[in-house]
Amino acid sequence: MSITSLSLPHGELALPAFLPDATRGVVRAVDSADLEGAGVTALVMNTYHLMQRPGSTTIKALGGLHRMSGWTRPIMTDSGGFQVYSLIRQNPKYGRLSDKGAVFTPDGGGRKINLTPEKSIQLQMSYGADILICLDDCTHADDPLEEQRRSVRRTVAWARRAKAEYARLIEQKKLAEAQRPLLFAVIQGGGSAELRRECADELLAIGFDGYGYGGWPLDAEGNLLTDMLALTRELVPPQFPVHALGVGHPASVAACTRLGYAMFDSAMPTRDARNGRLYAFKDEQPGALDEGGSWFSYVYASDNRHIKAAEPVSPHCDCAACRRYALGYLHHLYKINDALYPRLATIHNLRFMTRLMHLLGNAGHA
Ligand SMILES: [Zn+2]
């Protein structure tokens, strides 16, 4: 039996769910009322970016992430583990890694930011998040095996320390079960089935509320690493939710849901929206949501053939943009670079994603 919802301090989260990236405490161009209107059920915010701006003491002064952003539904916070990969591993000038944790030097020197497994949990807890993620050491699937092995060893050691710090804080705050945020750990191991298994087994032995698929989920050609995603999901018992970190292409989300993944987050749908790439279902009731993705298409807002388009972006969409405005008007807003364009476009793509999750959920529970 796969899991169909999570009980969180800020409400029940139906699964599967797509969580838009509100990296710096905001989904660019839209506010919390827009997100609710689009049916968004939860957001992901990023610990590494938020600790820099607006900074932890400011977030606290503003009442935590929920009060600050006016968002009343669940929030998951990312640990900063992906930044270990994207900043430090890609360019050693931006910091260094040790078994203790990560030291970021985002300006290439001078200013230093320490992020340890314990500090990451303290920050996420102080922000009032509903789901916390353990700091992990993320690699690229193509990194050598020795590197993957070190990453798994470190990820497991860090997860153990994160869990201990989490347990200490729950005890200190005397949080009842219903107010307790959940703690997820991330399964690394790159392209090695053996390392993925070892990482999953060790993390399961420590015990977490949920797990994440760590590491870049695409190969060099941009194809989803389906075999490794499938294997990793199978390593975790079905009663635990598994989050496919960074997966957000609609066809990939459909493929991963079929593999048993319950949660997704990605900047892709909102970035695509801002860049003029809008998503549309081809049919009112799309049938088989296969991984080929033939059930949806792109509508490019900049395309001059939409100048006089009097119909909405999609005749099958009930979003605030499609209910009120024609595609030709969105094209015009895009061309004159008006701030209303990214707002309407983001609302539309997020409504597409929430409808997709609903359809995938119905298909899975049928
Ligand atoms: Zn729409």
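The values are calculated or read from the model by the stated rules, or taken from the named source; none is laboratory data. Quick caveat: nothing in here was measured; it's all calculated off a predicted structure. A quick note on method: Cβ atoms are made from the backbone with ideal geometry, for glycine too, and the neighbour counts reach across all protein chains shown. Accessible surface is based on the protein model in full, side chains and every heavy atom, while ligands, DNA and RNA are left aside. Shrake-Rupley method; radii C 1.70, N 1.55, O 1.52, S 1.80 Å.
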Å² of accessible area per residue within the range 1-133, as computed with a 1.4 Å probe and no ligands counted: 42 Å²
Under a point spin-label approximation (7 Å from Cα along Cα-to-Cβ), what is the residue 179-residue 91 distance to one decimal in nm? 4.3 nm
In Å, the Kirkwood hydrodynamic radius from C-alpha pairs for the chain sits at 21.1 Å
For the chain, the dipole about the Cα centre with charges only on Cβ (Lys and Arg +1, Asp and Glu -1), to the nearest 20 debye, works out at 1260 debye
Using r as the Cβ-Cβ distance of residue 49 and residue 308, and R0 as 45 Å, what FRET efficiency do you calculate, to the nearest 0.05? 0.60
With every protein chain in place, the range 39-168: carbon and sulfur % of accessible area (1.4 Å): 52 percent
Eigenvalues of the Cα gyration tensor times 5, then square-rooted: what semi-axes does that give for the range 157-271, in whole angstrom, largest first? 27, 17, 12
Can you pull the Kirkwood radius for the range 1-57, inverse mean 1/r over Cα pairs, to one decimal in Å? 12.8 Å
Tell me, what is the FRET efficiency for residue 220 and residue 316 to the nearest 0.05, using R0 = 35 angstrom and their Cβ-Cβ distance as r? 0.50
With a point put 7 Å past each Cα toward its Cβ, work out how far residue 98 is from residue 112 in nm, to one decimal. 0.9 nm
Could you look at the range 196-260 and say what percent of its accessible area is carbon and sulfur, using a 1.4 Å probe and all protein chains? 53 percent
What number, rounded to the nearest 500 deg cm²/dmol, is the helix-based mean residue ellipticity at 222 nm of the chain, given -39500 (n - 2.57) per DSSP H run of at least four residues and division by all its residues? -12000 deg cm²/dmol
The computed P(r) of the range 89-144 puts the percent of Cα pairs beyond 17 Å at 49 percent
Does the range 322-366 come out rounded, prolate or oblate by the C-alpha gyration tensor, with a ≥ b ≥ c the root eigenvalues, rounded set by a/c under 1.5 and, if not, prolate when a/b is larger than b/c and oblate if not? prolate
For the chain: lysine pairs under 26 Å (alpha-carbon distance), excluding those fewer than 8 apart on one chain: 20
What is the distance, in nm, between label points placed 7 Å from the Cα along the Cα-to-Cβ direction at residue 294 and at residue 275? 2.6 nm
